[in-house]
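Structure, as structure tokens:
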Amino acid sequence: MRGNDGKDVRIDVKTTRHQAGYLIAKKWRKVDDCDMYVLVSGTMPRYEIQGWVWSAELVNPSNLSDNGYGEHYHMERSQLRVWKYGNTRYSVVDLFDGDILA
């Protein structure tokens, strides 16, 4: 996706079959691996965007947890930002509901 400043925004899209799924990233991920994470739920060919966060919001020691599969970064759906979308062309700023929290 192209930002207002003409630079690309790197997005890591995470998928789950569960409507109430979690946004999860491996512990070895770094903040600068991508700019934002987007969580989608569903199955092929239909997916629904559940929300998004800036990379610095997810890849944060306060989000480390271990649910039996080793430590990973984890955020609940209720912690994600709302993705504003439609069939119109938007600038990157128009799609987001807030600023980065770092």
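The values are calculated or read from the model by the stated rules, or taken from the named source; none is laboratory data. Just so it is clear, the model here is predicted, and its values are computed rather than measured. No Cβ is skipped: glycine too gets one built from the backbone with ideal geometry, and neighbour counts run over all protein chains shown.
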Notebook entry, point to check: Going by the conditions given, is Ser41 within 9 Å of the chain's Cα centre (by Cα) and among the small types (Gly, Ala, Ser)?
Noted result: no
Note to self: Quick test of your reading of the structure: Pro45 fulfils all but one of (1) more than 19 Å from Arg81 (Cβ to Cβ); (2) touching a strand residue (DSSP E or B) at 6+ places or on another chain (Cβ under 6 Å). Name the failing condition by number.
What the structure shows: (2)
Check: For residues in the stretch 24-75 being touching a residue at least 12 places away in the same chain (Cβ under 8 Å) and among the small types (Gly, Ala, Ser), which is surrounded by the fewest Cβ atoms within 10 Å (Cβ to Cβ)?
Finding: Gly70
Checklist line | For Gly21: the one exception among (1) out of contact with any Gly (no Cβ under 8 Å at 6 or more places or on another chain); (2) surrounded by fewer than 16 Cβ atoms within 10 Å (Cβ to Cβ) | finding: (2)
Checklist line | Condition check for Trp28: modelled with pLDDT of 95 or more, farther than 19 Å from Lys7 by Cβ, of a type in the set (A, V, I, L, M, F, W, C) and not in a strand (DSSP E or B) | finding: yes
Margin query: For the condition touching a helix residue (DSSP H, G or I) at 6+ places or on another chain (Cβ under 7 Å) and of a type outside the set (A, V, I, L, M), what is the one hit in Gln19, Gln50?
Written below: Gln50
Check: Hey, does the stretch 24-31 have a residue that's over 13 Å from the mean Cα position of the chain (by Cα) and among the aliphatic types (A, V, I, L, M)?
Finding: no
Next item on the list: Please indicate, with yes or no, whether at least one residue in the stretch 81-93 is more than 20 Å from Lys7 (Cα to Cα), modelled with pLDDT of 85 or more and either assigned to a strand (DSSP E or B) or not small (Gly, Ala, Ser) (or both).
Entry: yes
